[in-house]
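A.B. asks: Mind having a look at this structure? Questions to follow.
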Amino acid sequence: MRVLEIAGICVVALIALLFAIFFRRRLLMAGGGTIRLQVRINTIVPGRGWSPGLGQFVGDELRFHKMFSLAIRPKRILDRRSLTVAERRLPSGPERLTMPGHWVVLRCRTGAVDLEIAMAETTVTGFLSWLEAGPPRDPGSLPGRQIFGPRPAES
């Protein structure tokens with residue numbers, strides 16, 4: 001009887017853990033602006049080290065949350081102002097086994113750090129648009145210049 005109680009507690013704990021993971025995922029997706037992506041967190045073995053997760057666009061940041069985690073904070077935060085895409089390629093070698101066939105790998109540079117992210121080909125267009133589109137600048141931050149009309153006389 002004792003073995004059945006322990007097995008029952010383990011099953012209930014496992015179900016509660018899975019519920020918590022999927023509930024967290026639903027909460028992240030409820031706000032909108034989320035995409036499925038993978039980030040390469042380990043480069044020791046070529047083609048391996050990919051971590052699946054959700055990317056959440058919040059202002060000038062892309063916040064990466066690991067798929068199978070209970071953490072509320074993102075694992076990585078990519079800032080649009082310092083992020084550039086250096087290369088775009090299809091998955092190769094062992095990567096083809098861990099990613100769907102229509103995904104694209106982007107090698108990005110943020111500051112002095114290189115990083116690879118992978119996402120669906122249809123998502124790449126939206127990601128690149130978000131990357132290129134910046135918030136409007138404050139008109140007072142740029143030196144003024146007259147666009148229309150005659151030039152003012154300089155004394």
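Throughout, read-outs are computed from the coordinates displayed, never taken from laboratory work. All values reported here derive from a predicted model rather than from experimental measurement. Note that we place each Cβ from the backbone using ideal geometry, even for glycine, and neighbour counts take in every protein chain shown.
A.B. asks: So how strong a dipole does the chain carry about its Cα centre when Lys and Arg Cβ are +1 and Asp and Glu Cβ are -1, to the nearest 20 debye? The partial results should precede the final answer.
C.D. replies: Numbers: 22 positive and 12 negative charges, 57 e Å.
Using Cβ point charges on Lys, Arg, Asp and Glu, the chain gives about 280 debye.
A.B. asks: While we're looking at this one, here's another question. Put a dot 7 Å past each Cα toward the Cβ at TRP130 and VAL45; how far apart are the dots in nm?
C.D. replies: Result for the modelled spin labels: 3.0 nm.
A.B. asks: Could you work out the relative contact order of the chain, using alpha carbon pairs under 8 angstrom and six or more residues apart, expressed as a whole percent?
C.D. replies: Values: 187 pairs, mean separation 24.0, N = 155.
Dividing the mean separation by the residue count of the chain yields 15 percent.
A.B. asks: 222 nm [θ] for the chain, helices only, -39500 (n - 2.57) per DSSP H run of 4+, per residue, to 500?
C.D. replies: Numbers: 3 runs with 45 residues, N = 155.
Helix contribution divided over all residues of the chain: -9500 deg cm²/dmol.
A.B. asks: Net charge within 15 Å of VAL58 by Cβ-Cβ distance, Lys/Arg positive one each and Asp/Glu negative one each, not counting VAL58 itself?
C.D. replies: Cβ neighbours under 15 Å give a net charge of +3.
A.B. asks: Sticking with this one: Roughly what angle does helix 2-30 make with the longest principal axis of the chain, taking Cα atoms, 0 to 90 degrees, to the nearest 10?
C.D. replies: The answer is roughly 10 degrees.
A.B. asks: Hey, any idea what Rg/Rh is for the chain, computing Rh the Kirkwood way over Cα pairs? Mind dumping the intermediate values first?
C.D. replies: Working: Rg = 22.6 Å, Rh = 18.8 Å.
We get a ratio of 1.20 for the chain.
A.B. asks: Given axes a ≥ b ≥ c from the Cα gyration tensor, I'd like to know whether the range 52-130 is rounded (a/c under 1.5), prolate (a/b larger than b/c) or oblate. Mind showing how you got there, number by number?
C.D. replies: Values: a/c = 1.62, a/b = 1.17, b/c = 1.38.
Verdict is oblate for the range 52-130.
A.B. asks: Quick one: net charge of ASP79's neighbours, Cβ under 14 Å, K/R +1, D/E -1? It would help to have the intermediate numbers written out before the result.
C.D. replies: Numbers: positive: ARG63, ARG76, ARG80, ARG81, ARG109; negative: ASP60, GLU61.
With Lys, Arg at +1 and Asp, Glu at -1, the net is +3.
A.B. asks: By how many nm would the segment from VAL3 to ALA30 lengthen if fully extended, with 0.36 nm per residue of separation less the alpha-carbon distance? Before the final figure, lay out the partial values.
C.D. replies: On the way: separation 27, 0.36 × 27 = 9.72 nm, distance 4.04 nm.
Full extension from VAL3 to ALA30 adds 5.7 nm.
A.B. asks: Calculate, in nm to one decimal, what LEU14 and VAL58 gain on full extension: separation in residues at 0.36 nm each, minus their alpha carbon distance. Walk me through the numbers before you get to the answer.
C.D. replies: On the way: separation 44, 0.36 × 44 = 15.84 nm, distance 3.19 nm.
Extra length available between LEU14 and VAL58 comes to 12.7 nm.
A.B. asks: Still on this model: In degrees between 0 and 90, to the nearest 10, how far off the longest principal axis of the chain does helix 121-132 point, with axes built from Cα atoms?
C.D. replies: 40 degrees
A.B. asks: Next question. What is the extension gain from MET67 to THR84, computed as 0.36 nm multiplied by their sequence separation minus the C-alpha to C-alpha distance, in nm to one decimal? Can you show the working numbers first?
C.D. replies: Details: separation 17, 0.36 × 17 = 6.12 nm, distance 2.44 nm.
3.7 nm is the gain from fully extending MET67 to THR84.
A.B. asks: Count charges around ILE41 for me, please; just the other residues with Cβ under 12 Å from its Cβ, Lys/Arg as +1, Asp/Glu as -1. It would help to have the intermediate numbers written out before the result.
C.D. replies: Values: positive: ARG40, ARG48, LYS66, LYS75, ARG76; negative: GLU116.
That works out to +4.
A.B. asks: To continue, here is another question. Name the residue from THR34, VAL3, LEU78 whose Cα lies farthest towards the positive end of the charge dipole of the chain, charges +1 on Cβ of Lys and Arg and -1 on Cβ of Asp and Glu.
C.D. replies: So the residue we want is VAL3.
A.B. asks: Please work out whether the range 1-71 counts as rounded, prolate or oblate from its C-alpha gyration tensor, where a ≥ b ≥ c are the square roots of the eigenvalues and a/c under 1.5 means rounded, while otherwise a/b larger than b/c means prolate and anything else oblate?
C.D. replies: oblate
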